[in-house]
Each structure stands twice: as C-alpha cells, then as structure tokens.
Amino acid sequence: MTAQDAYAAKRRPAHDVIDLIGDGDTVVVPTGAGEPPAILQALSDRRREKHGVTVAQILPLRRFDYIDPETVQNVRHTAYFLNAPTRAAAQEGWVEYYPHFFFESAGFIRDGFFPCDVAVTMASPMDKHGYFSISLATDYTMAALKRARVVILEVNPGVPFAYGDCHIHIDDVTAVVEDDQPVTAVGLPQIGPVQKAIGGYVADMIPDGATLQIGYGAIPDAVVMQLTDRRDLGIHTEMMGDGILSLVEAGVVTNRKKNIERGHMRATFALGSQRLYDFMDHNPAVQMHPVDVVNDPFRIGMHDGMHTVNATMQVDLFGQCCSESMGFTPYSGTGGQVDFTRGANRSAGGKAFIVLPSTAKNDTISRIVPTLTPGAHVTTGKNDVNYVVTEYGVAQLRGRTNKARARALIDIAHPDFRAELTEAAERMRLL
C-alpha cells in the first residue's frame, strides 16, 4: 500500500473520529495554534456521549464548548498552563492544573507521569514520502504521538511543513481529518511607554552576536523593536513569533555567530500570523524540536551569549518572582521561564532578564514588594534571578547580598512606593 493509499483509507470526518476516544481516556492536545479546531469542536458536540474523558493542554487559544462545568463528568479539561479560556474555571475548581517546568512535559508524557491515551494535533499536508510536519506545536506533542494508543491528525493546508524533529509518518497515524479553516493567528500586542522603556533597558544590554529567547507579549516585542541596529543575532527560543520574523526580515538575525546549531534558529512552538507560518514552510533556517531539547537548561546554557527575556507579576526584596498566581489564586503557570533563566545563567556571556512594570492598577499597587503576597506561587527562586527590569531601570541581583539586592530593587520601584519599601526593608533588617 502506498502512502497515498494509506492516507485515503484513514481519512474520516471529524465527528466520526470521536468514536476512537474511549471512556476514561486522556486526550493530549498541543499548544496554541497546534490545537485542532475541527476535532475539538466535534468532541464538544458529542461530549455528552462520553464519560470520564480528560483533555490535557498547555495553552488553549479558544474556549471550546467541552470546557463546560455542566459536563465535567463527561469531558474535563486539565491544564498544563492556565490562560484566558481556562483561568476562571481553574479558580472555580473544576479545571485542574499540573505544576511542572515546561521542559519536563515531554518526558512526563513519555514516562507516564502525564497520562496520554489519545493524541490529536494539527499537521501539515503529507509529503510524497508519507510524512506530516507537526510544526506549530512540536513541544510535548511528539512525545504524545509516540505514547498514544490513538493518533488523530487534523491536516490543514495553512500549517507549514517545517524541518527538525517534528515529523510523523502515515503508518503511525490512526485517522486523518481534513480541514481548511484559517489557522489560528495572533497579531503583535500593543506597546505603551512603560513597555518601551523596559524594552530599551534590556535592548541596551544585548550585544551583537547574542543568541535570544523572546516570548510573546508587549515587553518582549518592545525589546525586539529596539534591536534593529544589531548584527548577527541568533535565535534559540521557546516560541517562534512575528517579533522574531521582523528581526529576520531586517537582516538582524543571521545565526552565523551561534557556537552550536549555527546557521539555523530553533523553537518548540509557533504563534503568530499566517505570514509567519508561510515563512516557516520548507525553510531550512527554521527547525522545530521537542521541548525537552529546546528548553533543556543544560542545552540552553551551551549557547554562548544566551540572552533570555521573561515576564513576571511580582518580585519581593529577596528577588523571588511570582509569575503564575495572584496570592494563592492560580493565574497562569510556570511555563519555560525557569528553563531559560537557568540556561542563560549557565551560558558564557549570557544574561537572564526578568521584566515587569513597576506598578499595577493605574499605579495604585507596587509590583515590587517586601515579601510576596501570602500564598503566592514562587516561579523563579531568588538564587536563579539575575537581572530584574522595570521602566525605572535594572537591578542586577546574582552575586549580591540580601541588603544589596533590596536596595537595587527599591531603586527600580515606582518612586511613589520607594519610601514604604525602604521602611519595610528596615523592619526586615535588610537595610
């Protein structure tokens, strides 16, 4: 049987493939734009026929109808990370969350810590050799495809065929669903004066020839927009986005100076415009690899001059960062922040930046605090944090005493809060 014959034999309507999901199964869904909308909508439509099914995913972009408190006994969402479609449900208690470092997720699936009976994912059209590219969300998805009893691909012509360790053969696929609705795309975020100021401080510390990890958000994109005069930057990043594409198009990213993986950029998932996805298609300069490769702190640290930019919500005077909760109330997740912070700390000439506006709620709340809010989830510990950046400057913490750290953080707090932070630091015997 040829690959084309096998494809034809396995092609099925979206609603029919839901029969392959059994009661009690865990269905693993990829990150972001890799989520297969036709399959997930079909599961939503037929959810009341199921019992005890769990859907596990790190970053849903849409709230499909199966995310429903009335049918959690039928189909329940379990989160590897919380965002808008799942945040309120987790805070209400009917969506559960798996704490973990992002780089561990593929291994957790492979080793059975995270259950995986069915894997569903978007995929590129099949090539003449019978291979599909899982380019939009390679991360833990490749491990799920190998672990699952049932593998269902949603093939869409808008999904790029990328290179790297992101391919699956038709012989290893249970069923194929075809769909041609536009692939989920996101635009660049709004950048205000605070974000631009923070981005400027970070950009000033990134030299020619550096290798970058840049995520999605206003501050990372504010960094990107201020790097257009650099030369020979490299990319080793969790997420491939339009900000990176803009640097490539400006001739700033060449990957020529990378001491390993020279000549190409690596990422583990992609989230941006269709223009970005078209850029990735059959482009040897882009390689997509599983998260336990891309986010491995040891491998990140092998890159000389590794510069990483990650956002947080709150930093205390010891340097502890809370990036995933409001007190004890869950808000997001650990993600890859610690992976890349630790990797950059290992890198020769590397720098790890933690960025945040100095205040919240129209300057009424300081994000730099004496101690984290009770119950706050510590995402990046004080021993890992190096550079903390607000719109008021840069605090460099590694290798400094508790007192020096406290003074440096107070100096980059909003001026309206510096006096009370100083008083708190004196009570804590930090000043």
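The values are calculated or read from the model by the stated rules, or taken from the named source; none is laboratory data. Small disclaimer: the values here were computed from a predicted structure and weren't measured. All Cβ positions, glycine included, derive from the backbone under ideal geometry; neighbour counts span all protein chains shown. Just the protein is used for accessible areas: all its heavy atoms, side chains included, with ligands, DNA and RNA removed. Shrake-Rupley method; radii C 1.70, N 1.55, O 1.52, S 1.80 Å.
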Please determine whether any residue of the stretch 329-347 is assigned to a strand (DSSP E or B) and aliphatic (A, V, I, L, M). no
Just to verify a result, which residue in the stretch 128-147, among those that are assigned to a loop (DSSP other than H, G, I, E, B) and open to solvent by less than 20 Å² (accessible area, probe 1.4 Å), is farthest from PHE114 (Cα to Cα)? GLY130
Please verify whether the stretch 380-395 includes one or more residues that are open to solvent by 70 Å² or more (accessible area, probe 1.4 Å), of a type in the set (Val, Ile, Thr) and not in a loop (DSSP other than H, G, I, E, B). no
Out of (1) of a type in the set (Gly, Ala, Ser); (2) modelled with pLDDT under 95; (3) open to solvent by less than 40 Å² (accessible area, probe 1.4 Å); (4) in a loop (DSSP other than H, G, I, E, B), the one GLY187 does not meet is (3)
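Let me confirm something: among GLY375, GLY399, which residue is small (Gly, Ala, Ser), more than 16 Å from GLN314 (Cβ to Cβ), open to solvent by 20 Å² or more (accessible area, probe 1.4 Å) and without any contact (Cβ under 8 Å) to a residue 60 or more places away in the chain?
Exactly one of GLY375, GLY399 is small (Gly, Ala, Ser), more than 16 Å from GLN314 (Cβ to Cβ), open to solvent by 20 Å² or more (accessible area, probe 1.4 Å) and without any contact (Cβ under 8 Å) to a residue 60 or more places away in the chain, namely GLY399.
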Could you tell me whether any residue of the stretch 39-59 is on the phi > 0 side of the Ramachandran plot and in contact with a Pro (Cβ under 9 Å, 6 or more places away or on another chain)? no
If I go through the stretch 309-353 residue by residue, how many of them are touching a strand residue (DSSP E or B) at 6+ places or on another chain (Cβ under 9 Å), hydrophobic (A, V, I, L, M, F, W, C) and either over 24 Å from ARG87 (Cα atoms) or open to solvent by less than 30 Å² (accessible area, probe 1.4 Å) (or both)? 11
For the stretch 407-431, the count of residues that are under 33 Å from the mean Cα position of the chain (by Cα) and outside any helix (DSSP H, G or I) equals 3
Enumerate the pairs (first residue in the stretch 156-176 and among the hydroxyl-bearing types (Ser, Thr, Tyr); second residue anywhere and part of a loop (DSSP other than H, G, I, E, B)) with beta-carbon separation below 7 Å, excluding pairs fewer than 6 apart on the same chain, so at least 6 apart or on different chains. TYR163/PRO284
Those residues that are in contact with a Cys (Cβ under 8 Å, 6 or more places away or on another chain) and more than 25 Å from LEU276 (Cβ to Cβ), I need them from the stretch 83-139; list them, please. ILE109
What pairs come out if I take residues in the stretch 29-56 that are open to solvent by 10 Å² or more (accessible area, probe 1.4 Å) and pair them with residues that are in a helix (DSSP H, G or I) and modelled with pLDDT of 95 or more whose C-beta lies under 6 Å away, six or more apart or interchain? ALA38/ALA14; ARG46/ILE18; ARG47/THR71
Of the residues PHE81, PHE101, which is out of contact with any Gly (no Cβ under 6 Å at 6 or more places or on another chain) and open to solvent by 40 Å² or more (accessible area, probe 1.4 Å)? PHE101
Residues of the stretch 291-308 satisfying the condition of being crowded, with 22+ Cβ neighbours inside 10 Å and of a type in the set (Val, Ile, Thr): VAL291, VAL294, ILE300, THR308
